[in-house]
């Protein structure tokens, strides 16, 4: 991480938190936007495009908060587009490609439930701009959760190929599911300064209890423990490098241009 | 949806000129004639977007609340507001803030009427949505996701008309 402009422990920890959240929303938003035009049915094409647009907007707002905290002269676009793939700080869960529709739904469900747990722990944050934005995000994310919960039920309860594909997707993503809530450097400072309500471990354990209840009710396995949690947001995949080449293409085509 | 240029309602009230006193009341009255670029029957005031107006001798500052964080109409609204207030003859600053979340309770009664006039049901929980054309309650949600981030798709079984409803948020 390049944090040359960051000051004391609080700013560095807050910057990492904001960057991790912004990168999560940016990567899942861009990745899911690949469905635009090729969704399984027209209604879902519109829905997933709308969800992806929401996530990109959330990323933009979070990058805005990040540049205000870090204040190293970069604007939100520069942070979003001008880093090499290794400089991104999203959770490894989002390093998986969108895959088939079942994998997209499984990834969204894991991400949205974990993100909801994270946002709940930030609802009373001492960093006012984050607290205000989180209040807004949670109102919008309610629709995301409703959408993806419905789809998880539909795939799981239909049996046959949809369920087989869902089970395969959950098996592939499962070991990386917990990466969204894996402890970030600076956790102690975040909690001490009242930015985050409780430890990542506490947030993750509540999320695991909730997701397990739901999965077990559907006759599915609970999500497994996180593989290599120390590298939850580093060492990205080839799938992400391809995505990165895609989403930086226009920006790279004319460096410094105003669009 | 295609985002057309937001526009002042033509011919109703003359726009401000340098001679118009720049008071908060006059600025708000002018904002009341700036329409949402995607819902031409509703002003940004009736939509509840205007959070604060501050008039000082050297500038006018307007703070707006986005309906949805990713709303792509924000930049159009910003430039329309800037243009609409240019006549006051001092720099205009338009900022978006999340200081309080925009919620559907911020819509005024005139805003709700304006939505219906555009064929959009005002926000309500799905069970309480009424057809904007025939007011029937025999409606069904087709999808929570419509042509813009802020709207859902419904169908009226009474007048057999598909319509959009503003999402409650």
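Remarks
- Given (1) touching a helix residue (DSSP H, G or I) at 6+ places or on another chain (Cβ under 7 Å); (2) within 23 Å of residue B:151 (Cβ to Cβ), number of the condition residue B:17 does not satisfy: (2)
- Once the stretch B:53-73 is narrowed to residues that are within 14 Å of another protein chain (Cβ to nearest Cβ) and surrounded by fewer than 19 Cβ atoms within 10 Å (Cβ to Cβ), the residue that is farthest from residue B:33 (Cα to Cα) is B:72.
- Looking across the stretch A:117-149, the residues that are surrounded by fewer than 18 Cβ atoms within 10 Å (Cβ to Cβ) and away from chain B (no Cβ under 14 Å) come down to A:120, A:124, A:126.
- Subset of the stretch A:40-71 that is in contact (Cβ under 8 Å) with a residue 40 or more places away in the chain and within 16 Å of the chain's Cα centre (by Cα) - its residue that is surrounded by the fewest Cβ atoms within 10 Å (Cβ to Cβ): A:61
- Top-ranked residue in the stretch B:148-160 [being in a loop (DSSP other than H, G, I, E, B) and under 21 Å from the mean Cα position of the chain (by Cα); ranked as nearest to residue A:51 (Cα to Cα)]: B:149
- In the set B:163, B:145, only one residue is within 14 Å of chain A (Cβ to nearest Cβ) and either within 22 Å of residue B:71 (Cα to Cα) or in a helix (DSSP H, G or I) (or both); that residue is B:145.
- When the stretch B:84-107 is filtered for residues that are crowded, with 18+ Cβ neighbours inside 10 Å and either within 14 Å of chain A (Cβ to nearest Cβ) or in a loop (DSSP other than H, G, I, E, B) (or both), the ones remaining, listed by number, are B:96, B:98, B:101, B:102, B:104, B:107.
- Test: residue in the stretch A:170-184 that is part of a helix (DSSP H, G or I) and exposed (fewer than 15 other Cβ atoms within 10 Å of the Cβ): yes
- Residue, modelled with the highest pLDDT, within the stretch B:114-142, restricted to residues that are within 13 Å of chain A (Cβ to nearest Cβ) and part of a loop (DSSP other than H, G, I, E, B): B:123
- Selection within the stretch B:53-77 - under 27 Å from residue A:56 (Cα atoms) and free of Cβ contacts under 8 Å to residues at least 40 places away in the same chain: B:62, B:63, B:64, B:66, B:69, B:74, B:75
- The set of residues in the stretch A:60-73 that are away from chain B (no Cβ under 14 Å), out of contact with any helix residue (DSSP H, G or I) (no Cβ under 6 Å at 6 or more places or on another chain) and on the phi < 0 side of the Ramachandran plot contains only A:72.
- Of all residues in the stretch A:72-116, exactly one satisfies the criterion of being in a helix (DSSP H, G or I), free of Cβ contacts under 8 Å to residues at least 40 places away in the same chain and surrounded by fewer than 17 Cβ atoms within 10 Å (Cβ to Cβ), namely A:78.
- Residue ID - surrounded by the most Cβ atoms within 10 Å (Cβ to Cβ), chosen from residues in the stretch A:213-236 that are in contact (Cβ under 8 Å) with a residue 60 or more places away in the chain and within 18 Å of residue A:163 (Cα to Cα): A:223
The values are calculated or read from the model by the stated rules, or taken from the named source; none is laboratory data. As the structure is a computational prediction, the values presented were derived from the model and not from experiment. Counting neighbours? That spans all protein chains shown, and the Cβs are built from the backbone with ideal geometry, glycine included.
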